[in-house]
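Trainee: Take a look at the following structure, please.
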Amino acid sequence: MKNCDFRDVSFVVNARTKSTRIENKILRPFSDDGLCLLEIALNRLASIDGYPCYLAAVDKEIIELYEQKYSDTNIILLKRDKDSVKKGVHPYNVSFKHYGDVSTPYVMPVNACFPFVRAETYIEAAEYFKASDFKTMTSVKSSKNIFYDKLFNMVNGTSGPINTQRKESVYEMAHVFHVFDVKSFMETGEFWDNEPLNPGFYIMENPVENIDIDEPLDFIMAQQLYNFCGGDITKLTL
């Protein structure tokens, strides 16, 4: 393990209005007090000291929200190119060209569609990365379940009694955040090359922090849970 300055990592929230599965997902009211998912994410970043924090956006509504509520905070606005949010699949270094404008060699995009992630988790993950030998890092969640491919072949484990209490775990990408080298990303258009330590894993232990809003039902259930606990997952007993 090696010691590195934590300021070498920047946190970035990427935001756009053109979500397809949930209309205007990032800006529609989510909490009882009228906060949207983007505001919940930006409030987390605004509470963080010592790390560069950014909002990357091109949509007028998002930029107006930033100017009204966050322009006087520690969060810096990154203007995205219009081409980066056009419909369709684009190379990563087109969609995320703005990463080249951050002030640090590493960037940690954080996903605003995870309303229960604590700011402390972002900090702990950044410090974990900086103290590691990982070239890049991604958030994962562990599972002891058994998986099959489309030909009904068991992907992990061995044949025999079905037992999900096995010692061996597999790891699923959680998509809560990644950490990667900006220069390498801009040159190759890839976050990592899947060689050893590239990426390394940060295991998300709390299942509530892993709640992702992708589909309309996700939004409804997460909204109910968020309002039940007031956004404070420490009030939940699992």
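Trainee: In the list Ile63, Ile40, which residue meets the criterion of being free of Cβ contacts under 8 Å to residues at least 40 places away in the same chain, open to solvent by less than 60 Å² (accessible area, probe 1.4 Å) and of a type in the set (A, V, I, L, M, F, W, C)?
Mentor: After ruling out the rest, the residue left standing is Ile63.
Trainee: Filter region 32-82 for residues that are charged (D, E, K, R), assigned to a loop (DSSP other than H, G, I, E, B) and closer than 17 Å to Phe96 by Cα and give the result. Can you show your working first?
Mentor: Within region 32-82, the subset charged (D, E, K, R) is 32-33, 39, 44, 49, 59-61, 64, 67, 69, 72, 79-82.
Next, from what is left, pick out any that are assigned to a loop (DSSP other than H, G, I, E, B): 32-33, 49, 59, 72, 80-81.
Once the filter is applied, which keeps residues that are charged (D, E, K, R), assigned to a loop (DSSP other than H, G, I, E, B) and closer than 17 Å to Phe96 by Cα, region 32-82 yields Asp59, Arg80, Asp81.
Trainee: Also, I was wondering about something else. Is it true that Ile76 is free of Cβ contacts under 8 Å to residues at least 60 places away in the same chain and over 21 Å from Tyr226 (Cβ atoms)?
Mentor: yes
Trainee: Restricting attention to region 86-107, which residues are open to solvent by 60 Å² or more (accessible area, probe 1.4 Å), modelled with pLDDT of 80 or more and not in a loop (DSSP other than H, G, I, E, B)?
Mentor: Lys97, Asp101
The values are calculated or read from the model by the stated rules, or taken from the named source; none is laboratory data. Predicted, not measured: the structure shown is a model, and the values here were computed from it. FYI the Cβ positions are ideal-geometry reconstructions off the backbone, even for glycines, and counts take in every protein chain you see. Just so you know, the surface numbers come from the protein's heavy atoms only, side chains and all, with ligands and any DNA or RNA stripped out. Shrake-Rupley method; radii C 1.70, N 1.55, O 1.52, S 1.80 Å.
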